[in-house]
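Take a look at the structure set out below.
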Amino acid sequence: YNTELPPTHPDCVVDLSTKLSTKKASMGETVRLTAVLKNKTQEGQPMTMAIIGLPAGTSAQPWQLKEMQEKGVFDFYEVSGNNVACYYRQMKPGETREINFDLKAEVPGKFEAPASSAYLYYTAEQKVWTALPAVAINE
């Protein structure tokens, strides 16, 4: 079968939520994507990952990603297609991390994003999944 939003594993120790600041934008404008990653336990967690799906027709700004890494928003990042992978060396007990991406609307049309996920690096089979609404970009 095929699904746009896989089921979340019940044993996943982190939670992830994503939202867009708007569902409509014009070409050249920025759309804020906010992702919130939370350690659901009262134990520290090692090497945590959040893979954030970006809507097609938008792009993350390389200068912003580099600046966020320098400010410690995440420890490392990697861009692959329409996904930004954010790596954290550790998460403290009950810790919440917020990531704000200012995406540039570049192509007109109505676009969806791939589902976003979060998990511990060494237990990739235990993921939490979340999806964004579609975004419409006008000329």
Quick one: Ala56 ticks every box in (1) outside any strand (DSSP E or B); (2) open to solvent by 70 Å² or more (accessible area, probe 1.4 Å); (3) of a type in the set (A, V, I, L, M) bar one, so which box is it? (2)
Cβ pairs under 7 Å, 6+ apart or interchain, first in segment 1-21 and in contact (Cβ under 8 Å) with a residue 24 or more places away in the chain, second β-branched (Val, Ile, Thr) and part of a loop (DSSP other than H, G, I, E, B), ordered by first then second residue, are Val13/Thr41
Any residue in segment 97-119 that's free of Cβ contacts under 8 Å to residues at least 60 places away in the same chain and of a type in the set (D, E, K, R): show its pairings with residues that are open to solvent by 10 Å² or more (accessible area, probe 1.4 Å) and part of a strand (DSSP E or B) at Cβ separation under 6 Å, as long as the two are six or more apart or on different chains. Lys110/Ala136
I'd like to check something: does segment 122-134 contain any residue that is under 25 Å from Cys12 (Cα atoms), open to solvent by 50 Å² or more (accessible area, probe 1.4 Å), in a strand (DSSP E or B) and not hydrophobic (A, V, I, L, M, F, W, C)? no
For Phe101, indicate whether it is under 28 Å from Cys12 (Cα atoms) and open to solvent by 60 Å² or more (accessible area, probe 1.4 Å). no
Restricting attention to segment 19-27, does a residue exist that is of a type outside the set (D, E, K, R) and closer than 13 Å to Thr130 by Cα? yes
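Taking segment 61-73 as the search range and keeping residues that are open to solvent by 20 Å² or more (accessible area, probe 1.4 Å) and of a type outside the set (Lys, Arg), which one is nearest to Val36 (Cα to Cα)?
Step one: of segment 61-73, the residues open to solvent by 20 Å² or more (accessible area, probe 1.4 Å) are 61-63, 66-67, 69-73.
Still in the list and also of a type outside the set (Lys, Arg): 61-63, 67, 69-70, 72-73.
Numbers: Gln61: 19, Pro62: 20, Trp63: 21, Glu67: 18, Gln69: 16, Glu70: 19, Gly72: 15, Val73: 11 Å.
Going through the qualifying residues, I end up with Val73.
For segment 107-120, enumerate the residues that are within 20 Å of Thr18 (Cβ to Cβ) and part of a loop (DSSP other than H, G, I, E, B). Steps first, answer last, please.
As a first pass, look at segment 107-120 and keep what is within 20 Å of Thr18 (Cβ to Cβ): 110-120.
Glu112, Ala113, Pro114, Ala115, listed by residue number.
Among what's in segment 76-98 and is part of a loop (DSSP other than H, G, I, E, B) and not small (Gly, Ala, Ser), pick the residue that is most open to solvent (accessible area, probe 1.4 Å). Spell out how you get there, then give the answer.
Residues of segment 76-98 part of a loop (DSSP other than H, G, I, E, B): 81-82, 92-95.
Applying the additional criterion that residues be not small (Gly, Ala, Ser) yields 82, 92-93, 95.
Values: Asn82: 62, Lys92: 127, Pro93: 72, Glu95: 39 Å².
Within segment 76-98, the match that is most open to solvent (accessible area, probe 1.4 Å) is Lys92.
The values are calculated or read from the model by the stated rules, or taken from the named source; none is laboratory data. It should be emphasised that the depicted structure is a prediction, and the values quoted were computed from it without experimental measurement. Please note: Cβ atoms are built from the backbone with ideal geometry, for glycine as well, and neighbour counts cover all protein chains shown. Remember, those area values only see protein heavy atoms, side chains included, never the ligands or the DNA or RNA. Shrake-Rupley method; radii C 1.70, N 1.55, O 1.52, S 1.80 Å.
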